[in-house]
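Novice: What follows is a single structure, and I will ask about it in a moment.
The values are calculated or read from the model by the stated rules, or taken from the named source; none is laboratory data. All figures in this text were calculated on a predicted structure; none of them were measured in a lab. Virtual Cβ from ideal backbone geometry, glycine too; neighbours counted across all protein chains shown. To get the accessible areas, we keep the full protein, side chains included, count just its heavy atoms, and leave off ligands, DNA and RNA. Shrake-Rupley method; radii C 1.70, N 1.55, O 1.52, S 1.80 Å.
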Amino acid sequence: MTQNPPTAHQQPSVETPRKRPRTVRWFIIVGGLLALLVVAIVGFNAFRSHMIKQFFANMKPPPITVSIAEAKSEVVPNLIGAVGDLAAVHQVNVTSDVNGRVTEIMFQAGATVKKGQPLVQLFDGPEQGDLANFKAAASVARINLDRAKQLAERQVGPQATVDTTQAAYDQALANIAKTEAVISQKLVRAAFDGVLGTRRIEVGQYLTAGTQIVSLTDLSAVYANFTVTEKDSGKLAVGQVVRITVDAYPGRTFEGKLTTIEPQISADTRNIRVQATIQNPEGILKPGMFATTTVVLPDKPAVVTVPETAVDYTLYGDSVYVIQEKKTDDGKTELHAIRTFVRTGDRIDGRAVITQGVKAGDRVVAVGQLKLQSGALVAISSDPPPKIPAQPPLN
């Protein structure tokens, strides 16, 4: 059996080459490019972060301008503060002792009067009549008494007659004294030197005993009544200086002496009541005024003080910004404000006592600390710090 030779339409089969190696090369190329891109991105981010850090490390914020003050060692006044009110040393409501109709008013409201000066006259006609009657009876009794004594000396008249006429004469004198006393009650006088208030009566008005006529106040001195705590009661002594201020005269201080200390402490409030006497030659202090009082105690040893504006009072503790000098790499000096926690004491006249945390001579930020953080770079302002205590301008 013979095999047929291939025809012209039949060609021998030929194997085509594989395309897989070329695809692999493309994957390798693309992967390499992606890897280079990732490395470039990572490198760029790292370079950018490094440059940003270097920029902020080299860039310093400008210094904050502040006003500073120096902590001082000084003796501060040892004071006890309190609030109270003023009362007159002598003050009464002038009244009538007896009933009667007003016939004359002899004063002007608001006038200054002397002790014993007549103020009001009540109707005393009946008493004046009784006084004349008793004076006449006294004259007759006196004549009878003299006659009886003469007769008794001559032993003509009995001694009993002398005794009877003497009693009658004494009785007449007693009636005169009683009537004169009633008449004096009908003339109301000033009990002491002082200033009268507003008039409460009119001519013709019938007054009953005890009716208020006018107030009379002695303004030459006033009492300042106030209380202090039981803790401070042991520091008080009669004769200590007391200063008071009142709202009616801002900026003025009135000075007096501690004159009375209550011998017992209130069981309800644990406070003790004290009284100071304040001389009032101008008469400008009035009874009933609200007063801020200060008792001056003996001085304590010197303490460190700073302006009160320098202390930052917070719930976490009180602090101040202390100025510290630091040297830079190029040898220059920089000023930094370092927050320092302190322990404060009393505050007197715009200054705060520092018992711990700051020593005398330290410089602290007095104005501008609200803009600061601890370690901030600062510059000292050329403007002087405000006066302490700062007073608002008067309109």
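Novice: Residues of the stretch 115-170 being of a type in the set (A, V, I, L, M) and under 60 Å from the mean Cα position of the chain (by Cα), which ones? Walk me through it before giving the result.
Specialist: If we filter the stretch 115-170 for residues that are of a type in the set (A, V, I, L, M), which is where we start, we get 119-120, 122, 131-132, 136-138, 140-141, 143, 145, 148, 151-152, 156, 160, 162, 167-168.
L119, V120, L122, listed by residue number.
Novice: Still on this structure, I have one more. With respect to D362, determine if the residue is of a type in the set (D, E) and free of Cβ contacts under 8 Å to residues at least 40 places away in the same chain.
Specialist: Criteria not met by D362.
Novice: Here's something else I'd like to know. For the stretch 254-275, how many residues meet the condition of being part of a strand (DSSP E or B) and more than 17 Å from the chain's Cα centre (by Cα)? Full working, then the answer.
Specialist: Filtering the stretch 254-275 down to residues part of a strand (DSSP E or B) leaves 254-261, 271-275.
Checking which are more than 17 Å from the chain's Cα centre (by Cα) leaves us with 256-261, 271-275.
Final tally of qualifying residues: 11.
Novice: Within the stretch 62-107, count every residue that is of a type outside the set (F, W, Y) and outside any strand (DSSP E or B).
Specialist: The number of residues fulfilling the criteria is 11.
Novice: Right, something else. Can you name the strands (runs of 3 or more DSSP E) wholly within the stretch 190-253 that have at least 3 residues being in contact with a strand residue (DSSP E or B) (Cβ under 7 Å, 6 or more places away or on another chain) and within 25 Å of T269 (Cα to Cα)?
Specialist: Strands (runs of 3 or more DSSP E) meeting the threshold: 212-229, 241-246.
Novice: Would a scan of the stretch 370-378 turn up a residue that is under 30 Å from R243 (Cα atoms), in contact with a strand residue (DSSP E or B) (Cβ under 9 Å, 6 or more places away or on another chain) and in a strand (DSSP E or B)?
Specialist: Looking through the stretch 370-378, none of the residues is under 30 Å from R243 (Cα atoms), in contact with a strand residue (DSSP E or B) (Cβ under 9 Å, 6 or more places away or on another chain) and in a strand (DSSP E or B).
Novice: To continue, here is another question. Would you say I105 is surrounded by fewer than 17 Cβ atoms within 10 Å (Cβ to Cβ) and either farther than 30 Å from N280 by Cα or modelled with pLDDT of 90 or more (or both)? So that I can check it myself, show each step before the final result.
Specialist: Numbers: surrounded by fewer than 17 Cβ atoms within 10 Å (Cβ to Cβ): no; either farther than 30 Å from N280 by Cα or modelled with pLDDT of 90 or more (or both): yes.
In short, no.
Novice: What are the residues in the stretch 206-243 that are open to solvent by 40 Å² or more (accessible area, probe 1.4 Å) and hydroxyl-bearing (S, T, Y), if any?
Specialist: Within the stretch 206-243, Y206, T208, S220, Y223, T227, T229 meet the criteria.
Novice: Filtering the stretch 47-82 down to residues that are farther than 30 Å from A291 by Cβ and of a type in the set (V, I, T), which residue is modelled with the lowest pLDDT?
Specialist: I52
Novice: Are there any pairs with C-beta distances below 7 angstrom linking a residue in the stretch 259-270 that is at negative phi and open to solvent by less than 70 Å² (accessible area, probe 1.4 Å) to a residue that is of a type in the set (G, A, S) and not in a loop (DSSP other than H, G, I, E, B), with the two at least 6 apart or on different chains, and if so which?
Specialist: Short answer, once both residue conditions are applied: T259/A276; I265/S233.
Novice: Do you know which residues across the stretch 152-205 are among the β-branched types (V, I, T), modelled with pLDDT under 90 and either open to solvent by less than 40 Å² (accessible area, probe 1.4 Å) or farther than 30 Å from A132 by Cα (or both)?
Specialist: Across the stretch 152-205, the qualifying residues are V156, V162, T165.
Novice: Those residues that are surrounded by 17 or more Cβ atoms within 10 Å (Cβ to Cβ) and in a helix (DSSP H, G or I), I need them from the stretch 123-151; list them, please.
Specialist: Within the stretch 123-151, E127, D130, L131, F134, A137, A138, A141, N144, L145, A148 meet the criteria.
Novice: Another one. Please find, among A82, A87, the residue that is open to solvent by less than 80 Å² (accessible area, probe 1.4 Å), within 30 Å of L219 (Cα to Cα) and touching a Gly at 6+ places or on another chain (Cβ under 8 Å).
Specialist: Numbers: A82 fails: touching a Gly at 6+ places or on another chain (Cβ under 8 Å).
Exactly one residue qualifies, and that residue is A87.
Novice: Could you tell me which residue of the stretch 329-368 is nearest to Y316 (Cα to Cα), considering only residues that are among the charged types (D, E, K, R), assigned to a loop (DSSP other than H, G, I, E, B) and open to solvent by 50 Å² or more (accessible area, probe 1.4 Å)?
Specialist: Only one residue fits best here, namely K359.
Novice: Considering only the stretch 306-314, I want to know if a residue exists there that is part of a loop (DSSP other than H, G, I, E, B), under 26 Å from the mean Cα position of the chain (by Cα) and free of Cβ contacts under 8 Å to residues at least 40 places away in the same chain. Write out each step before concluding.
Specialist: Start the filter on the stretch 306-314 by keeping residues that are part of a loop (DSSP other than H, G, I, E, B), which leaves 311, 313-314.
Filter once more, so that each one left must be under 26 Å from the mean Cα position of the chain (by Cα): 311, 313-314.
Applying the additional criterion that residues be free of Cβ contacts under 8 Å to residues at least 40 places away in the same chain yields 313-314.
Scanning the stretch 306-314, I find at least one residue that is part of a loop (DSSP other than H, G, I, E, B), under 26 Å from the mean Cα position of the chain (by Cα) and free of Cβ contacts under 8 Å to residues at least 40 places away in the same chain, so the answer is yes.
Novice: Taking only the stretch 308-328 into account, find how many residues are open to solvent by 70 Å² or more (accessible area, probe 1.4 Å), farther than 11 Å from A352 by Cβ and touching a strand residue (DSSP E or B) at 6+ places or on another chain (Cβ under 9 Å).
Specialist: The total comes to 5.
Novice: Scan the stretch 83-119 residue by residue and report those that are within 27 Å of L173 (Cα to Cα) and among the β-branched types (V, I, T).
Specialist: Once the filter is applied, which keeps residues that are within 27 Å of L173 (Cα to Cα) and among the β-branched types (V, I, T), the stretch 83-119 yields only V98.
Novice: What do you reckon, is T95 among the polar types (S, T, N, Q) and within 29 Å of F254 (Cβ to Cβ)?
Specialist: Details: among the polar types (S, T, N, Q): yes; within 29 Å of F254 (Cβ to Cβ): no.
So T95 fails the test.
Novice: In addition: Please verify whether E255 is at pLDDT 90 or above and farther than 19 Å from V89 by Cα, treating the condition exactly as stated. I'd like the intermediate steps shown before the answer.
Specialist: On the way: at pLDDT 90 or above: yes; farther than 19 Å from V89 by Cα: no.
In short, no.
Novice: All but one of (1) in contact with a Ser or Thr (Cβ under 9 Å, 6 or more places away or on another chain); (2) hydroxyl-bearing (S, T, Y); (3) over 30 Å from L216 (Cα atoms) hold for S96; which doesn't?
Specialist: That leaves (3) as the condition not met.
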